[in-house]
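Encoded as structure tokens, the structure appears first; notes follow it.
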Amino acid sequence: MNRKVFSKPYGSPGAALRAAAHHAWLAEHTPLRQPELLAVHPERLDFEHIDGRHAGVEDLPTVAAVLGEAHASAWCGDLCRASLNAPHPLPWGHTLPGFAVLRRAVLDRHHRDGLITDEELEAAVDLLRTDPDEPTTFYKDSNPRNILITPAGPTIVDTDDLTLAPFGYDLAKLVVTLAMTHGPIPPAAVTAALTAYNEGVASRTDAPAEVTPSRLLDHAWLHHLLTRPYLGRGGYRYPWPQVRPAPEDLT
Ligand SMILES: Nc1ncnc2c1ncn2[C@@H]1O[C@H](COP(=O)(O)OP(=O)(O)OP(=O)(O)O)[C@@H](O)[C@H]1O
Ligand SMILES: [Mg+2]
């Protein structure tokens, strides 16, 4: 029987190989459901086609639990040896970039382009100044289009961007991009997602501390600044400041 294939083009062989290395590392170190990688071509990857729909607000608790478990699993199996801001080795000579350097470069570019103010840059740089001993996990761009909901559960696609990140950072990406796509999310739903995430983390290890609501909102603010140029594209219709929950509503 012919399998349905999803082919993804890349701008260079290096970009295709990097995404393949990310896919292999996630398969080795996390229980995340991913499409099988069927073939690697110089500028194209062929994946198993997944029949599913993009994640929605109603999927937040399920996806949050899956992310928490995956983040803890990666921490236990590999990233407990990583340092948040130092590149971490991956298969085939690739590395997972550190957290702060790439983001600082993007923020500087947005600042130069007039997309973020002096004050916003200063606040963001403060948020990037994390404790070097903070437990480290990964970020894989958890926007709703990169999570396909299937009868078997959430399947994650798009391994192009993978970096080191603090716990909770990837969940914040999902919360921000869902709200930017669909409008305000009830605070109780954000709190429930954070609880499900922390429970997912705790199911694998008790080492990394719980992510607090205020830390989640700090991560969300960084995502808002980094994502600002994409407002109006990719389904992002609402600016985060218009749809974010008030800190006092997250208990
Ligand atoms: N293996 C797959 N099977 C079925 N559909 C897929 C698969 N991989 C990706 N898709 C669909 O194609 C869309 C685009 O793929 P992908 O996310 O890899 O590219 P992208 O350039 O990052 O696009 P976007 O910015 O929309 O996320 C995904 O949102 C998803 O709907
Ligand atoms: Mg994508």
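Things worth noting here:
- Taking label points 7 Å from Cα along the Cα-to-Cβ direction, E28 and R3 give a separation of 2.1 nm.
- Top of P132, P208, P239 by mean-square fluctuation, Gaussian network on the chain, Cα under 10 Å: P132
- Longest site-free stretch - the chain; sites: trypsin sites (Lys or Arg not before Pro), DSSP loop, at most 16 other Cβ within 10 Å: 5-128
- Farthest positive-ward along the chain dipole, Cα basis, beta-carbon charges - from T205, A123, H110: H110
- Signed unit charges on C-beta, dipole axis of region 50-249, positive-most listed residue A172, G235, P154: G235
- Beta bridge orientation in the chain: antiparallel %, DSSP, nearest 5: 95 percent
- The Cα center of region 186-229 and the Cα center of region 55-88 differ in position by 11 Å.
- Relative to the longest principal axis of the Cα atoms of the chain, the long axis of helix 118-128 lies at roughly 60 degrees.
- For region 50-249, relative contact order (Cα pairs under 8 Å, six or more residues apart, normalised by length) works out to 31 percent.
- For the chain, modelled as a GNM whose springs connect Cα atoms under 10 angstrom apart, the maximal fluctuation among I147, I185, I156 occurs at I185.
- Between C80 and A202, the simple label model (points 7 Å from Cα in the Cβ direction) yields a spacing of 1.9 nm.
- Dipole in debye (nearest 20) - region 50-249, about Cα centre, beta carbon charges: Lys, Arg +1; Asp, Glu -1: 520 debye
- Estimated from helical segments only, the mean residue ellipticity of the chain at 222 nm is -14000 deg cm²/dmol, where each DSSP H run of four or more residues counts as -39500 (n - 2.57).
The numbers here are math on the coordinates, done by the rules we state, and not lab data. None of these values were measured; they are calculated from a predicted model. Neighbour counts run over all protein chains shown; Cβ positions are idealised from the backbone, glycine included.
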